[in-house]
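For reference, the structure discussed in these notes is given below.
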Amino acid sequence: MAKTRVIYWFRTDLRLHDSPALKAALDLNPTAFWPIFTWDPHYVYRARGGLNRWQFLLDCQNDLSKSISKLNPKLKLFVLREAPQSLFPKLFKAWEVTHLVFEKDTGSYGRERDQVVMEAAKKAGVVVIVKSGRTLWDSDEIVKKNGGEPTMSMAALRAAGGKVGKIPRPIPAPKHLPDPGGMAVDFEQDQPETAPDLNASRRTEKDTGYRSIAGPSGDFAIETMEELGFPSATTPHRGGESIALERLDKIIQDTKYTATFEKPNTSPAQFDPPATTFLSPFLHFGALSVREFYWRVQDVVDAYGKGASSPPTSLTGQLLFRDMYFAAQAALGPVFHQTANNPSCRFIPWHLPSKTDPSTGIVTGEYHVDSDTAETWFQRWKHGVTGFPWIDALMRQLKQDGWMHHLGRHSVACFLTRGGCYIDWERGAEVFEEWLLDHEPACNAGNWQWLSCTAFFAQFFRCYSPVAFGKKWDKEGDLIRKFVPELKDLDAKYIYEPWKAPLPDLKKAGIRLKGNGLDDKEDGTYPKPMFDFNERRQICIDAMKKAYDVGLHGADKQVLDGSWRELFPDSDTSEVRGELDIDGEDGGDKKGRESHAGEKRAKPKNTIAAAFKKQKK
Ligand SMILES: Cc1cc2nc3c(=O)[nH]c(=O)nc-3n(C[C@H](O)[C@H](O)[C@H](O)COP(=O)(O)OP(=O)(O)OC[C@H]3O[C@@H](n4cnc5c(N)ncnc54)[C@H](O)[C@@H]3O)c2cc1C
């Protein structure tokens, strides 16, 4: 009988239940079977990841490893510390591999990486089996049925989904796993390029993750936070398939909650337990199958009958949104995560725009500071010291716990972009990328575009008030008291607007309103609001209207060559990106600056600079 020596490559599917790819691997009846995870330097150094998400990933790996060992004590999740692109060609040979099996990844880096690995497999005569499993439908199939176009609405997704076919029912976890073959790694390890290390600021110790392929004890162990040079995480939330399935069971047992769930009626201020399912981080790491989630809910809905909610607000509706963003990403590729070169994303001349690499047209991860005021506002937003307690509580919850309710995300995203600061949505998306436990590139970029009204949604005149919206859900300000402890003793009457509190009330609460919260923070102080919100909202709405009238998108010639500025001639009196300190890489704005060169600039009337001057007085 021919030997079938199979590597099962775990990536974004850290589970045993409902894994079409794992089933395909086991259907080969392997004579040797290795469940492995490659510790990929791309994620370690080139993707922003906060401590909380690293911990969550390690939790998921440890839990999966235990479950694998329960099925076969000779196995665990074997972690190999090298880039998959250089590791696999060596591994194919050393372990005499015949098959490589993995779940399809339609993310931008994932596709590129898998292409390289598949070519190496072809050269080595290794058969590769790839199965879709991360989404309800195969995102590439959705794109095909949508005429090759990105799915920019729920209707488009559902129409395409209908043509692809019924969402598959989940398949059970395997009951046993075959033995592994030999695991010699007596080949040279390719050391990763560690610079630039986007996670350097988080390391308090030396990163020793790549000292040897099989880890410090040579037993292919899962990494630890210490090994990665990271201090402990701050989130109370832990990862793993076992926790995910328990959580789902509990939700499903509450048939009324499951069947009548309506997202707009869940409170963004509720944190213990959250008002929504809190299953997104598990879906992100594949510790929970999205089809398992979908069908368990759908079965409850079908049995519930009258009174059950339906998409888009229902629980299954939320999962459809996830598929919509995945399919949009699958169609557009890397430009889905940016404005530049993205034909579906409106161009708005926000402050703090991304830098782009002229040779690829892809953002570099750095940005231009066209306005010092905007930069200060951005930092104050990021660190939860805007002086608006609702915004600050949400941003601190994100940093500390790694999660925020969907409507909280709405509030802070609207505030940063079209409803307050007029700052590029890509800045906000990067902060979310760093701090969210559930950071999912497709969902993050898609939702930021939705909230900034650059794609998917266009009602830019509807803004979230940083005062009234929070109050509506949480009169007593419990979320603020928990995450902005400086204000915990303030009367509920003033908790959303401490600047309106009389001095005796502030004194009684032990708080002084002072400073900007960033570089001049003193104990017992909290900043005044960084701007007059009503004034800023109007400025932003006017500027959005202008940008909508101009009607450019990210792939338009004027956006790419910089002539867009000519379409915003009154840029001295209305909100528009300032001229950029160009270093040659962004032809567009360089031209913009040149076209203004030598002009005498009018005094700003209601621009960001004017608002800042007013605030300083
Ligand atoms: C600015 C912004 C950024 C976001 N970034 C992310 C992200 O990086 N990763 C992410 O998973 N979600 C993101 N979301 C969507 C949404 O906020 C989260 O999925 C949701 O809050 C997760 O909590 P939950 O699991 O309790 O959701 P539930 O309400 O219980 O929903 C169940 C599941 O449906 C999916 N879902 C729900 N809402 C959305 C949505 N709007 N878009 C896509 N999927 C959705 C999630 O997988 C979620 O776990 C973002 C939303 C906004 C406004």
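Data overview
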quantity	calculated
Complete set of residues in the stretch 380-405 that are charged (D, E, K, R) and either open to solvent by 10 Å² or more (accessible area, probe 1.4 Å) or under 19 Å from the mean Cα position of the chain (by Cα) (or both)	ARG380, LYS382, ARG396, LYS399, ASP401
Pairs with Cβ under 6 Å, 6+ apart, first in the stretch 338-363 and within 23 Å of ALA327 (Cα to Cα) and small (Gly, Ala, Ser), second open to solvent by less than 40 Å² (accessible area, probe 1.4 Å) and in a loop (DSSP other than H, G, I, E, B)	ALA340/GLY554; SER344/PRO150; SER344/ALA455
Entirely in the stretch 488-564, the helices (runs of 4 or more DSSP H) that have 3 or more residues that are at pLDDT 95 or above, basic (Lys, Arg) and not assigned by TED's automatic domain parsing to the domain that holds CYS463	533-550
Matching option when the condition is in contact (Cβ under 8 Å) with a residue 60 or more places away in the chain, open to solvent by 40 Å² or more (accessible area, probe 1.4 Å) and closer than 29 Å to LEU157 by Cβ, among VAL130, VAL143	VAL130
Residues of the stretch 413-437 that turn out to be assigned to a loop (DSSP other than H, G, I, E, B) and within 7 Å of the ligand (Cβ to nearest atom), as a count	1
Per-region count, the stretch 221-272, residues among the hydrophobic types (A, V, I, L, M, F, W, C) and part of a helix (DSSP H, G or I)	7
Residue count, the stretch 438-475 (criterion: over 24 Å from PRO236 (Cα atoms) and in a loop (DSSP other than H, G, I, E, B))	17
Qualifying residue in the stretch 15-32 (condition: of a type in the set (D, E, K, R), under 20 Å from LEU71 (Cβ atoms) and surrounded by 22 or more Cβ atoms within 10 Å (Cβ to Cβ))	yes
Tally, over the stretch 521-531, of residues that are loosely packed, with under 13 Cβ neighbours inside 10 Å and of a type in the set (D, E, K, R)	2
Tally, over the stretch 292-334, of residues that are touching a residue at least 60 places away in the same chain (Cβ under 8 Å) and of a type in the set (A, V, I, L, M, F, W, C)	11
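Conditions tested, residue by residue: (1) within 10 Å of the ligand (Cβ to nearest atom); (2) among the aliphatic types (A, V, I, L, M).
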position: ALA233; (1), (2): no, yes
position: GLN253; (1), (2): no, no
position: LYS256; (1), (2): no, no
position: ALA269; (1), (2): no, yes
position: PHE293; (1), (2): yes, no
position: ARG296; (1), (2): no, no
position: GLN318; (1), (2): yes, no
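The values are calculated or read from the model by the stated rules, or taken from the named source; none is laboratory data. The model shown is predicted, which means the values in this text are computed figures rather than measured ones. Virtual Cβ from ideal backbone geometry, glycine too; neighbours counted across all protein chains shown. Protein only, heavy atoms only, side chains kept; ligands, DNA and RNA dropped before computing areas. Shrake-Rupley method; radii C 1.70, N 1.55, O 1.52, S 1.80 Å.
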